[in-house]
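All remarks here apply to the structure that follows.
The values are calculated or read from the model by the stated rules, or taken from the named source; none is laboratory data. Quantities reported herein were computed from a predicted structural model and do not represent experimental measurements. Reconstructed Cβ throughout: ideal geometry from the backbone, glycine too, with neighbour counts over all protein chains shown. Note: accessible area is taken over every heavy atom of the protein model, side chains too, but ligands, DNA and RNA are not part of it. Shrake-Rupley method; radii C 1.70, N 1.55, O 1.52, S 1.80 Å.
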Amino acid sequence: MNERYTHGHHESVLRSHIWRTVDNSAAYVIDALVPGASVLDIGCGPGTITADIAARVAPGRVVGIDASAEVIAKAAEHAAGLGLTNVEFEVGDAYALDVADDRFDVVHAHQTLQHVADPVRVLREMFRVTKPGGVVAARDADYGAMFWTPASPGLDEWMATYQAVHRSNGGDPDAGRSVRAWALAAGFSDVECTGSMWTYGTDAERAWWGGMWADRVLQSAFGPQALALGVTDRDGLDRMAAAWRTWVMTSAGWFGIPHGEILARKPSR
């Protein structure tokens, strides 16, 4: 299957991933994260959401999986530093989970479906390992619906370039608008659909978000992929990074990221 993770795991990428918690990235599933619940977190990355889940559901068992052994090692180190004993991390394949049927109360995926070529197949696999009466929870950003002010030709160029690179890697950068349709196609009949936002507008928020993306354009896997694809050149990457830095310095600057969310319940037997 022709797919590749667009971002890679450079420090500039992990800088944003390790910011994520249940409160800022998975609030829609909090009601299901009760003590004793078992949770599988697919595409867990450096594990900050996973560890937060584990703290909430203890003594329930939590497993985080990711395709990258490098980032799984970081996740395990993070959880160990917090003293958590009810969470483990494994390298795994979202298309073929090494898990028996009906094992977890909650199967969660954050910003994962946008990076796979067949999200319906992944959701079916998530459904398979969810206990009857349990829930599949998925949240994905929608790049095509992102917005910013002030207008910026450089950020327009960044968006067009990002869309091209992401799609060339087999994913769908506009996944947020499709998660409910994918869940229905996967066979779920009880699907609750919600949405939420990340916004960056204060001086500190702009410095963090825009500075991170300026670095990602030039230092993460995104830049080399864009050059290899031929959708930009080195000058183009420099323009995009400069546009992010200019946005950071604009006191009226604001950036919004809409997300689509689903809670899909597996019927009780």
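Structural descriptor for the range 175-269: relative contact order 53 percent, calculated from alpha carbon pairs under 8 angstrom and at least 6 residues apart. In this view, the solvent-accessible surface of THR149, computed with a 1.4 Å probe and all protein chains in place, comes to about 60 Å². How much net charge surrounds ASP174 when only other residues with a Cβ under 11 Å from its Cβ are counted (Lys, Arg +1; Asp, Glu -1)? Charge balance near ASP174 sits at -1. From helices alone, the chain scores -12000 deg cm²/dmol at 222 nm; the rule is -39500 (n - 2.57) for each run of n ≥ 4 DSSP H residues, then divide by the residue total. If you look at the Cα atoms of the range 194-242, you get an Rg and a Dmax of 13.4, 40 Å. Pairs of Cα atoms nearer than 8 Å and 6+ residues apart set the relative contact order; for the range 33-84 it is 43 percent.
Compute the separation of the alpha-carbon centres of the range 12-36 and the range 115-142 and state it in Å as a whole number. Each part reduced to its Cα centre gives a spacing of 17 Å. Coordinate range of the alpha-carbon atoms in the range 88-137 per principal axis, descending: 27, 21, 16 Å. With the charge dipole of the range 27-182 set up from +1 on Lys and Arg Cβ and -1 on Asp and Glu Cβ about the Cα centre, the Cα lying farthest toward the positive end among the listed residues VAL135, ALA67, HIS108 is that of VAL135.
Our coupling estimate for the range 19-33, obtained by passing each phi through the Karplus curve with A = 6.51, B = -1.76, C = 1.60 and θ = phi - 60°, is 6, 6, 9, 4, 4, 9, 9, 8, 4, 5, 10, 4, 4, 8, 8 Hz, Gly and Pro reported as x.
The fraction of Cα-Cα pairs per 10 angstrom bin, counted from 0 for the range 88-195, comes to 14, 41, 28, 13, 4, 0 percent, rounded to whole percents. What is the Cα radius of gyration of the range 163-245 over 2.2 N^0.38 Å, N being its residue count? So the Cα radius of gyration is 1.43 times the expected 2.2 N^0.38 Å. Here the chain is assigned +1 on the Cβ of each Lys and Arg and -1 on the Cβ of each Asp and Glu. Its dipole about the Cα centre then comes out at about 320 debye.
Counting only protein chain heavy atoms and rolling a 1.4 Å probe, the accessible areas of GLU77, GLU11, GLU157 rank, largest first, as GLU77, GLU11, GLU157. Rounded to two decimals, the Cα radius of gyration of the chain over 2.2 N^0.38 Å is 1.00.
Taking the centroid of alpha carbons for each part, the range 155-196 and the range 61-77 are 24 Å apart.
For the range 8-154, the Kirkwood hydrodynamic radius from C-alpha pairs, put into Stokes-Einstein at 10 °C and a viscosity of 1.306 mPa s, yields a diffusion coefficient of 101 µm² per second.
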